[in-house]
Structure formats: C-alpha cells, structure tokens
Amino acid sequence: MDESNMLYYMVLSKFPVLLLSQQKRHSYLVTAEDIAKEPISISKDSAVYDGIEKIIDNRISGLIVDAKNIQSWILSARDIGKILVSKNQNTRTIPISSVMQELVLVDQYAPIPNCAGMMLAKKTNAIGIRGKDGIRGIMTKHDLVKHYHENVRDSKKIQDIMTYGSFFVHDDASLYDGLSKMIAAQVSRLLIKNPQDEPVGIVTFGNFLGKVFRHEQDPSSVFADYGKKCKITDVMTKQIITVTAQTSLPRIAKILLEYRIHGVAITDRRKIIGFITEKDIIRELARQEI
C-alpha cells in the first residue's frame, strides 16, 4: 500500500466497511467522480513563469503537472510564493519540476466527506481522482464548497467555526515582507491596515502572482529585488468582502462561489473580528455523516 492510500485509510478509519468496498459504486452516495472535473495541466518541463500565466488566465490556485501520466504532481500558488521569497532568480529560469509537489489521490468512488477529510489531512488545495486506468479528474476546494452549497442545509452558527483574529501588515510594508509573512504564517490572505489600524485592503497569493507575471516579462528582472522596493498597497484589493456573524454558512458558501474568492471577513459592529474560509466549510463537510 502506498503512502497516500495508507494515510487515507488511517485518517478515515471511522468508515472502514465503506472504504474497503469502494471498488463498486453505492448509488445512494455522491462520490468523488460525481464532482470531478477535467484538470488544467502543464508539463513539468515548463518554467514556473509559464505556470503563473496559466494560473492567472484560468483564475485558479494551482495546476496539475503532467495530468495524463499515472503519477502526477501539483503546482500551487503557495508553492510559487515560497520560491519567490527563497530564490533570487527570474521565474523564467526555474523549472516547474523543482517546485511541484506530489498529487494526493483518492478513489473515484470515495464519498465526498472522505475526500474533504483527505484534503484537510494532506493540507492541499486539490486532490486527484483515481480510476482503474489512471487519473480521471481533479477536485478542488472550490468544488467541495460548491457541493456544500448545493447539498447541505447547515444551521450551525458561524461563531462556532470561524477563525478569530487575522494576520495583517501595515500599508508601508513591502511586497516581499507581505509574501514572507503569508508563507511563515501558512495563511492565504493578509489584511492591510493603515497607521490607525483600520483595514484598507487585502492581499492573496493571486495579487502577488499578477505582479510577478507583469514584472518578470523582462528576463533580467527578479521579484526578490523588486518586491523589497514595491509597497504592498500597489497590489492589494481595496474592496474587502464582509458578512455579519449572523450570516448562514450556506450563504457564505454562495458568496465565495459568486465572487470566486477563498474567504470572507466576519464583522461585528462594522469591525472585522475574523474570517470564514473555504477550509472552514470543507472541515464542516468532512464532519457530515455518510
């Protein structure tokens, strides 16, 4: 048994009978193959710069590397962020093969709560769907949020599952400082605050990748040098999508889907007190009974 399968059975051992009989479909269950989609792929021989272009063009958070092979990998925006702060070279000169991570796989008949559990356990934004003849498709956090919105009626209060507080930098921080903090804190977004500690914007990995793509069109340019001089306010999104603490979780899922974002700020008396992200919704989905 390979490492991926071993962890799959360990993490999801609360459903042993169902997992052991996955090789045939249960008609009453929604399974991985039902929501899998065709992966957007790139060759491992391509440069990271080419990966950035595809991620931006398709408004996604990662790419499958060599999707048609039995063994595949993934290139995520977070992986790219890590090399931007650790390598002092143009992304046109960095091969994807030096950055990519092994793609986590689940069986095509795996129930959706199990898929959500695997995604959380492996700390990944996407998992591959494996059939008898290789990889049949891909499932992302976005796909699981869509499934939650369309199929789950949850009355749980978001105060019980939201992440309180937020990571932030002030508006005089550089791009390099902001990206470094996101990598170190293992978060996907940062609030930007003015000297009065008022939120004035937000940044995600997507904001950084757009700037890198434009800047490194010149092969002699390097983000690490430029990023230390450029202010984070040059890439931040000024509009912060917010909801109140009384908003239902299915409603928040709908907002994430409509705006194609990964999280919303939670406010109380017009003050941001925390965030609800795709990860929070997937955690609730993983707790659903099969």
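The set of residues in the range 262-290 that are in a loop (DSSP other than H, G, I, E, B) and either in contact (Cβ under 8 Å) with a residue 40 or more places away in the chain or not assigned by TED's automatic domain parsing to the domain that holds residue 201 (or both) comprises 262, 287, 288, 289, 290. Within the range 83-113, the only residue that satisfies the criterion of being closer than 18 Å to residue 174 by Cα and either at pLDDT 95 or above or among the small types (Gly, Ala, Ser) (or both) is 86. Scoring residue 178 on the criteria (1) surrounded by fewer than 19 Cβ atoms within 10 Å (Cβ to Cβ); (2) within 19 Å of the chain's Cα centre (by Cα) leaves a single failure, condition (1).
For the range 60-73, a residue qualifies if it is at pLDDT below 90 and under 25 Å from residue 262 (Cα atoms), and the qualifying residues are 67, 72.
The values are calculated or read from the model by the stated rules, or taken from the named source; none is laboratory data. All values reported here derive from a predicted model rather than from experimental measurement. Using ideal geometry, Cβ is built from the backbone for each residue, glycine included, and neighbour counts are taken over all protein chains shown.
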